[in-house]
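Data block below; observations after.
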Amino acid sequence: MAALAAVAAARRRVMVKIRYVDQDGSEHVVEAAPGISLMEAAVKNGVASIEGECGGACACATCHVYIPAEWQALTGAASEDEQMMLEFGIEVDERSRLGCQIAVTPAMDGMTVLTPRSQR
Ligand code: FES
């Protein structure tokens, strides 16, 4: 029993806070385990503006997010497949990424992710 409590405590320590902000200004701060995607963290925590319809297969673009410039170094660059899928997105700009293609890392603690107006 003590071992289970220790494992649970260790998991809580490594949870990463991600702040999702919709274009109407509403915010959802969620706790995400490192390794899951920004899409999974949003869907599991009820962020309605991110659907993740294809389950993370880079095939729907319903997980389109904007990564503010100050956080882009942590998310890396989009792959060729991701860039191709973003071409089908709406309101795509230089901050655009697919949330399913970005794995949460501990360094992202406190990161803000914006969602497009079209995904309300
Ligand atoms: Fe479908 Fe990201 S969940 S492209």
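The values are calculated or read from the model by the stated rules, or taken from the named source; none is laboratory data. Here the structure is a predicted model, which is why all the values come from computation and not from measurement. Every residue, glycine among them, receives a Cβ derived from its backbone with ideal geometry; neighbour counts consider all protein chains shown.
Some observations on this one:
- For the range 12-35, the set of residues classified as over 15 Å from ASP109 (Cα atoms) and more than 13 Å from the chain's Cα centre (by Cα) consists of GLN23, ASP24, GLY25, SER26, GLU27, listed by residue number.
- Single condition LEU114 does not satisfy, out of (1) without any contact (Cβ under 8 Å) to a residue 24 or more places away in the chain; (2) away from the ligand (no atom under 14 Å from the Cβ): (1)
- Scanning the range 41-62 for residues that are within 9 Å of the ligand (Cβ to nearest atom) and either of a type in the set (Val, Ile, Thr) or buried (at least 21 other Cβ atoms within 10 Å of the Cβ) (or both) yields VAL43, ILE50, GLY52, ALA61, THR62.
- Selection from the range 1-38 of residues that are at pLDDT 95 or above and not in a strand (DSSP E or B): MET15, ALA33, PRO34, GLY35, ILE36, LEU38
- Residue check, VAL65 surrounded by 20 or more Cβ atoms within 10 Å (Cβ to Cβ), under 12 Å from the mean Cα position of the chain (by Cα), in a loop (DSSP other than H, G, I, E, B) and in contact (Cβ under 8 Å) with a residue 12 or more places away in the chain: no
- Candidate set: the range 68-98, residues that are within 10 Å of the ligand (Cβ to nearest atom) and not in a loop (DSSP other than H, G, I, E, B); chosen: the one farthest from VAL29 (Cα to Cα): ASP81
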